[in-house]
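Single-structure report; data block below.
The values are calculated or read from the model by the stated rules, or taken from the named source; none is laboratory data. Only a predicted model underlies this, so the values are computations on that prediction, with no experimental measurement involved. All Cβ positions, even for glycine, are placed from backbone atoms using ideal geometry, and neighbour counts span all protein chains on display.
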Amino acid sequence: MNRILARCLGIVGLAVMSAMPAVAGEACPTLLDHRFPALQDGQPVSLCQYAGKVILVVNTASYCGFTSQYDGLEKLYARLKDKGLVVLGFPSNDFGEQEPGKDKEIADFCRLTYGVEFPMVGKTVVRGKGANPFHQKLAEITGSKPKWNFHKYLINRDATQVVAYTSFTGPDDKDLLKKIDEFLGK
């Protein structure tokens with residue numbers, strides 16, 4: 001941990017977080033030390049299981065002009081999951097009430113309409129005072145709060161760097177893909 005902390009301290013403007021044990025022999029960065037119900041079955045999911053992976057966090061909605069991004073997100077996940085990328089969906093009804101359904105309805109829509117297999121958590125709040133603590137921390141680190149559905153946060157493998165992208169940044173955006181490749185290469 002001291003080696004990781006020392007490396008992090010050399011990076012200006014990036015968050016430095018201590019590691020906490022997730023399970024025996026593994027470490028969970030503080031940023032990932034959160035649990036959410038899974039979208040499909042409501043069972044608790046620890047984000048610690050994604051420690052060591054590059055994570056693309058996306059707040060999603062089923063009835064939005066950006067909803068077609070599900071297709072590109074799934075293709076991106078399928079192409080890069082074996083290299084260490086996780087796309088992680090956070091359905092939210094925060095913007096224009098464009099995610100009104102219950103978790104099962106959302107899960108069925110994503111699976112049947114877009115073939116979504118990347119992990120998704122249960123519907124949650126991603127902005128304002130009621131935002132879940134994970135999104136509060138992402139916004140604090142990046143200085144960028146979601147302004148609409150399909151806002152993205154890209155987290156590097158050791159959860160010391162987070163980059164925010166607006167809803168207009170699609171899954172095939174050159175700058176996003178370049179940063180994903182950079183984070184996967186580390």
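Couple of notes before you dig in:
This table checks each residue for (1) aliphatic (A, V, I, L, M); (2) farther than 13 Å from residue 159 by Cα; (3) under 13 Å from the mean Cα position of the chain (by Cα).
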| site | (1), (2), (3) |
| --- | --- |
| 39 | yes, yes, no |
| 50 | no, no, yes |
| 57 | yes, no, yes |
| 61 | yes, yes, no |
| 65 | no, yes, no |
| 71 | no, yes, no |
| 84 | no, yes, no |
| 93 | no, yes, no |
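- Evaluating residue 92 against the criteria (1) touching a helix residue (DSSP H, G or I) at 6+ places or on another chain (Cβ under 6 Å); (2) small (Gly, Ala, Ser); (3) buried (at least 18 other Cβ atoms within 10 Å of the Cβ) leaves one unmet condition, (1).
- Within the option set 105, 97, 74, being modelled with pLDDT of 95 or more, in a loop (DSSP other than H, G, I, E, B) and among the acidic types (Asp, Glu) holds for one residue only, 97.
- Considering segment 142-153, the residues that are in contact (Cβ under 8 Å) with a residue 40 or more places away in the chain and within 14 Å of the chain's Cα centre (by Cα) include one that is surrounded by the most Cβ atoms within 10 Å (Cβ to Cβ), namely 151.
- Under the condition of being within 12 Å of residue 176 (Cα to Cα) and acidic (Asp, Glu), the residues counted in segment 146-165 number 0.
- Residues of segment 154-186 satisfying the condition of being in a loop (DSSP other than H, G, I, E, B), closer than 24 Å to residue 27 by Cα and acidic (Asp, Glu): 158
- Lone qualifier among 86, 58 - being out of contact with any His (no Cβ under 8 Å at 6 or more places or on another chain), under 27 Å from residue 178 (Cβ atoms), assigned to a strand (DSSP E or B) and at pLDDT 95 or above: 86
- Test: residue in segment 154-168 that is of a type in the set (A, V, I, L, M), at pLDDT 95 or above and surrounded by fewer than 16 Cβ atoms within 10 Å (Cβ to Cβ): no
- Summed over segment 108-135, the residues that are assigned to a helix (DSSP H, G or I) and under 20 Å from residue 34 (Cβ atoms) give a count of 3.
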